[in-house]
Amino acid sequence: MKTPEVYDVVVIGAGPAGSRAAQSAAAAGARTLVVDRATFPRYKTCGGGLIGPTLASLPDGFEVPVQQRITRASFTIRGRRYYEQRADEPILSLVNRAEFDSALLDAATTAGAEMRTGVTVTGVSEGGGLVTLNTSDGELQARAAVGADGSASRIGRYVGVDLRQVDLGLEVELTPDAAARVAWSGRVHLDWGPTPGSYAWVFPKQDVLTVGVIMAKGSPAETKQYLTDFIAQQGLSALPIVRDSGHLTRCRTAESPLGRARVLVAGDAAGLLEPWTREGISYAVRSGALAGSAAARIAAGDASPAEGLASYTQDVRGELGAEMAAGEQALVAFERHPRIFHSVLRTPLGWRVFVRITRGDTTLAQLMRRRVVRAGVAALNRW
């Protein structure tokens, strides 16, 4: 049999986490290969909202294919008590995920990474200082690997990722008419939903309105009904449906492993997302950059597998882990008292905090370090 070619780093999955990991590893000088079972561009169920931390973590010189810059946000609770807030500068950049993911993959290949599409990884093992991947395209070997193959990750199962929160998101893309284009230009909408922790959104793009809901897994009929009701509440029922889709988001436990020997996991494969909003793109991009860098060090022998994994784990837990812990506390308070959150966002202070978070000027973790915020959230969680 032909001896497999050995790469320094192989990345499994070419979404935001995988492409950022491949770009980071290649930029560090590692001979890098990224594989994905899909061909690009490919559709991805996602609102496509980029917050400040995402934009700040993209590769240098990366041009974001923005479809809408958002300066307005409106809010309801169960379709009622509508209000709207405005900002002087954009609070959110909306992208088409097919375009955004393809652009990130291009950045990885520009940095020197090789790309193979239509390749499914079916198994992973380690031995002799190498990672061996069984794929639909034959056997691959690498000195280090990064699993970024989504929330149902095969690599995550190999590593032993432990998940604690699973939610079901449903989404449709609608073709706006002339009136809808005007009404939704520069504005997103959020609705706090009928079950604890649920919410819905409308995110406008150039040619579609992305409308979705998210709710704890286990009530698919109720989740679907919420989406139908929300579309009607927004006066969008008559618009043509371009596509509809669904996906599960999975959030890790605090102590879940982020790797095993020479194999690291990033993004959804690691269960990295903010528990309250279920925002995952920034977690994918940031963890991908860290994982790619750590994998390159392992491959070069600058760090042992144990040292590389420990360094990566420390970096993720120190930044992303702190934000996830804060998000978990916020989710509990939101589940119990959505009306209070709705009312607070209507105040100048509440809106200012919302804007600072979306722009990346602060984080939930930083806010939770303030005694008054920590005490307030704790009181809501007891009440």
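The values are calculated or read from the model by the stated rules, or taken from the named source; none is laboratory data. Predicted model only: the values in this text are computed from it and were never measured. Quick reminder, even Gly has a Cβ in these numbers, built from the backbone with ideal geometry, and neighbours come from all protein chains shown. Quick note on the areas: whole protein, heavy atoms, side chains included, nothing else; ligands and nucleic acids left out. Shrake-Rupley method; radii C 1.70, N 1.55, O 1.52, S 1.80 Å.
Looking only at segment 324-335, decide whether some residue is touching a Lys or Arg at 6+ places or on another chain (Cβ under 9 Å) and under 17 Å from Ala56 (Cα atoms).
Looking for residues that are touching a Lys or Arg at 6+ places or on another chain (Cβ under 9 Å) and under 17 Å from Ala56 (Cα atoms), one finds none in segment 324-335, hence no.
Conditions first: (1) in contact with a Phe, Trp or Tyr (Cβ under 6 Å, 6 or more places away or on another chain); (2) at pLDDT below 95. Ser153 passes all but one, so which condition is the exception?
Failed condition: (1).
If I ask for residues that are open to solvent by 20 Å² or more (accessible area, probe 1.4 Å) and either in a strand (DSSP E or B) or within 30 Å of Arg339 (Cβ to Cβ) (or both), which ones from segment 171-188 would you list?
Ala183, Ser185, Arg187
Collect the residues in segment 338-352 that are touching a Leu at 6+ places or on another chain (Cβ under 8 Å) and under 15 Å from Leu92 (Cβ atoms), keeping them in residue-number order.
Going through segment 338-352, the residues touching a Leu at 6+ places or on another chain (Cβ under 8 Å) turn out to be 340, 351.
Trp351 - this is the single residue of segment 338-352 that is touching a Leu at 6+ places or on another chain (Cβ under 8 Å) and under 15 Å from Leu92 (Cβ atoms).
Out of segment 137-151, which residues are within 23 Å of the chain's Cα centre (by Cα) and polar (S, T, N, Q)?
The one that is within 23 Å of the chain's Cα centre (by Cα) and polar (S, T, N, Q): Ser151.
Given the conditions (1) part of a strand (DSSP E or B); (2) open to solvent by less than 20 Å² (accessible area, probe 1.4 Å); (3) not small (Gly, Ala, Ser), which single one is not true for Gln85?
(2)
Yes or no: Arg336 within 25 Å of Leu50 (Cβ to Cβ), in contact (Cβ under 8 Å) with a residue 60 or more places away in the chain and open to solvent by 70 Å² or more (accessible area, probe 1.4 Å)?
So Arg336 fails the test.
Is one or more of the residues making up segment 346-357 open to solvent by less than 20 Å² (accessible area, probe 1.4 Å), within 24 Å of Tyr283 (Cβ to Cβ) and modelled with pLDDT of 95 or more?
Yes, there is a match, as at least one residue in segment 346-357 is open to solvent by less than 20 Å² (accessible area, probe 1.4 Å), within 24 Å of Tyr283 (Cβ to Cβ) and modelled with pLDDT of 95 or more.
Let me confirm something: among Glu139, Glu99, Glu114, which residue is among the charged types (D, E, K, R) and closer than 30 Å to Gly360 by Cβ?
Within the list Glu139, Glu99, Glu114, the selection yields Glu99.
Can you tell me which residue within segment 283-300, out of those that are aliphatic (A, V, I, L, M) and within 30 Å of Gly212 (Cβ to Cβ), is surrounded by the most Cβ atoms within 10 Å (Cβ to Cβ)? Before the answer, list the steps.
Within segment 283-300, the first condition is being aliphatic (A, V, I, L, M), and the residues that meet it are 284-285, 289-291, 294-296, 298-300.
If we keep only those that are within 30 Å of Gly212 (Cβ to Cβ) too, we end up with 284-285, 289-291.
Values: Ala284: 30, Val285: 27, Ala289: 22, Leu290: 26, Ala291: 37.
Checking each candidate, the answer is Ala291.
Under 6 Å by Cβ, and 6 or more places apart or on different chains, what pairs join a residue from segment 54-81 that is farther than 19 Å from Arg187 by Cβ with one that is open to solvent by 40 Å² or more (accessible area, probe 1.4 Å)?
Qualifying pairs under 6 Å: Pro65/Glu99; Arg78/Pro194.
Suppose we filter segment 301-331 for residues that are open to solvent by 70 Å² or more (accessible area, probe 1.4 Å) and not acidic (Asp, Glu); how many remain?
Total meeting the criteria: 4.
Just give me the residues in segment 358-375 being assigned to a helix (DSSP H, G or I) and open to solvent by less than 50 Å² (accessible area, probe 1.4 Å), in sequence order.
Thr358, Leu364, Ala365, Leu367, Met368, Val373
Mind telling me which of the residues Ala38, Ala21, Ala14, Ala25 ends up being open to solvent by less than 60 Å² (accessible area, probe 1.4 Å), under 30 Å from Gly128 (Cβ atoms) and assigned to a loop (DSSP other than H, G, I, E, B)?
The unique qualifying residue is Ala14.
Val11 fails exactly one of the following numbered conditions: (1) at pLDDT 95 or above; (2) over 16 Å from Ala107 (Cβ atoms); (3) under 19 Å from the mean Cα position of the chain (by Cα). What is the number of that condition?
Result: Val11 fails condition (2) only.
In segment 219-242, how many are touching a residue at least 12 places away in the same chain (Cβ under 8 Å) and closer than 17 Å to Leu168 by Cα?
Residues in segment 219-242 being touching a residue at least 12 places away in the same chain (Cβ under 8 Å) and closer than 17 Å to Leu168 by Cα: 9 in total.
Restricting attention to strands (runs of 3 or more DSSP E) lying wholly within segment 189-282, give those where 1 or more residues are within 30 Å of Ala306 (Cα to Cα), out of contact with any His (no Cβ under 7 Å at 6 or more places or on another chain) and open to solvent by less than 50 Å² (accessible area, probe 1.4 Å).
Output list reads 241-252, 263-265.
Right, Leu168: in contact (Cβ under 8 Å) with a residue 12 or more places away in the chain, crowded, with 20+ Cβ neighbours inside 10 Å and farther than 17 Å from Glu279 by Cβ or not? Give the steps one after another, and end with the answer.
On the way: in contact (Cβ under 8 Å) with a residue 12 or more places away in the chain: yes; crowded, with 20+ Cβ neighbours inside 10 Å: yes; farther than 17 Å from Glu279 by Cβ: no.
When the stated conditions are applied, Leu168 does not pass them.
Tell me, yes or no, whether segment 54-67 has at least one residue that is open to solvent by 10 Å² or more (accessible area, probe 1.4 Å) and in contact with a Lys or Arg (Cβ under 7 Å, 6 or more places away or on another chain). Break it down stepwise before answering.
Keep residues of segment 54-67 that are open to solvent by 10 Å² or more (accessible area, probe 1.4 Å), which gives 55-67.
The next check asks that each one be in contact with a Lys or Arg (Cβ under 7 Å, 6 or more places away or on another chain); those that pass are 57, 67.
Yes, segment 54-67 contains at least one residue that is open to solvent by 10 Å² or more (accessible area, probe 1.4 Å) and in contact with a Lys or Arg (Cβ under 7 Å, 6 or more places away or on another chain).
Enumerate the pairs (first residue in segment 116-129 and assigned to a loop (DSSP other than H, G, I, E, B); second residue anywhere and exposed (fewer than 11 other Cβ atoms within 10 Å of the Cβ)) with beta-carbon separation below 6 Å, excluding pairs fewer than 6 apart on the same chain, so at least 6 apart or on different chains.
Listed pairs, sorted by first residue: Gly118/Thr39.
It is to be established whether one or more residues within segment 175-194 are out of contact with any Asp or Glu (no Cβ under 6 Å at 6 or more places or on another chain) and over 28 Å from Pro90 (Cα atoms).
Here is the first cut: in segment 175-194, the ones out of contact with any Asp or Glu (no Cβ under 6 Å at 6 or more places or on another chain) are 175-194.
Next, only the ones that are over 28 Å from Pro90 (Cα atoms) stay: 194.
So far as segment 175-194 goes, yes, one or more of its residues are out of contact with any Asp or Glu (no Cβ under 6 Å at 6 or more places or on another chain) and over 28 Å from Pro90 (Cα atoms).
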